[in-house]
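Worksheet: one structure, shown below.
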Amino acid sequence: MSNVIRFQFCKGAEVQFLSHLDLVRTMERAIRRAGLPIAYSEGFTPRPIMSYGYALPVGILSEAEYGDFTFAADLDPGEFVTRYNEHLPKGLAVLRAERRPEKTPTLMGEINAASWSVSLPKVSGSVEQVRARWQWLQGVDSFVVKRETKKGSREVDIRPFLFAVSEIASTSTDIVFECLCGLGNEANLRMEELGELLGFDHLEATITRTGQFKKVGNRYIPPLGNRGWK
């Protein structure tokens, strides 16, 4: 029987500015405090066998982060959720967990798409402007931007990385919509680029990652559960 538990967790406003490295350290401390039988790698510097999906940008909230933990002994997923949540700081919470079969592909090997909820203050624009921008985007084949990388600047066509946009609605104070975008090494859409595509400043918006998926044809399969892109 596999001792790998895959779980979904959220990252709230209390920890939205925690970097991915600090998040990993926080998760490790919590597993030790909970006294859960995490497995360790072999070698001179053993490390807990814990892996995650693609890093969440600093300042972004999430309802759908994922981790895979390997344990040295059999552990019921329900017990893991209860005990682990008791030791996680405010703003982090495990939502669900299940045991994974042996040789399950890694999260980063599976995930290639994500959904994002955007809440943009009306002072930054109007519903009509965002709707018009999305309508225009649906009629263009490319949208080239410059990306700064460790190897220098390069041009990237990011239009194919924005798959879909939900109904663009309005509340008393905000413009709200959800986007489905590429995620990963091959088709990753950055949040500042999403803003460039739809004509808003991502720093003025509240953005939440609401889902991560494996895109297979026209289907979007989550790492846990069955809630795909709506």
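Treating each Cα of the chain as an identical point scatterer and summing with the Debye formula, the log10 of I(q)/I(0) at q = 0.09, 0.18 Å⁻¹ comes to -0.42, -1.36. With each label modelled as a point 7 angstrom along the Cα→C-beta vector, the Val156-Arg219 pair spans 2.9 nm.
Ordered by 1.4 Å accessible area with all protein chains kept, Cys181, Cys10 run largest first as Cys10, Cys181. For Gly53, the residues whose amide H sits under 5 Å from its own are Tyr66, ignoring neighbours fewer than 5 places away on the same chain, with H placed 1.01 Å from N.
To put it simply, the accessible area of the range 70-133 at a 1.4 Å probe is 51 percent carbon and sulfur. When the residues Ser153, Ser119 are ordered by accessible surface, computed with a 1.4 Å probe over the protein chains alone, the sequence from largest down reads Ser153, Ser119. Rounded to the nearest 10 square angstrom, Met108 shows an accessible area of 90 square angstrom against a 1.4 Å probe.
Partner lysines whose Cα lies under 30 Å from the Cα of Lys151, excluding those fewer than 8 positions away in the same chain, are identified as Lys214, Lys215. Summing Cβ point charges (Lys, Arg +1; Asp, Glu -1) relative to the Cα centre of the chain gives a dipole of roughly 320 debye.
The relative contact order of the range 150-230, computed from alpha carbon pairs under 8 Å that lie at least 6 residues apart in sequence, is 17 percent. Quick check: the angle from helix 20-34's long axis to the longest principal axis of the chain, C-alpha only, nearest 10 degrees? Once rounded, one gets 30 degrees. Summing Lys and Arg as +1 and Asp and Glu as -1 over all other residues whose Cβ lies under 14 Å from the Cβ of Val156 gives a net charge of -1. Here the calculated FRET efficiency for Leu203 and Ala55, from their Cβ-Cβ distance with R0 = 25 Å, stands at 0.85, rounded to the nearest 0.05.
Per residue, the accessible area of the range 4-142 comes to 52 Å² when a 1.4 Å probe rolls over the protein heavy atoms. Among the GluC sites (Glu not before Pro) found in the range 170-227, those both in a DSSP coil and sparsely packed, with 10 or fewer other Cβ atoms within 10 Å of their Cβ, are Glu186.
The values are calculated or read from the model by the stated rules, or taken from the named source; none is laboratory data. Predicted model, so just to flag it, every value in this text is computed and none were measured. Because the Cβ atoms are built from the backbone with ideal geometry, glycine has one as well, and the counts that use them run over all protein chains shown. In case anyone asks, the SASA skips ligands and DNA or RNA and just uses the protein heavy atoms, side chains included. Shrake-Rupley method; radii C 1.70, N 1.55, O 1.52, S 1.80 Å.
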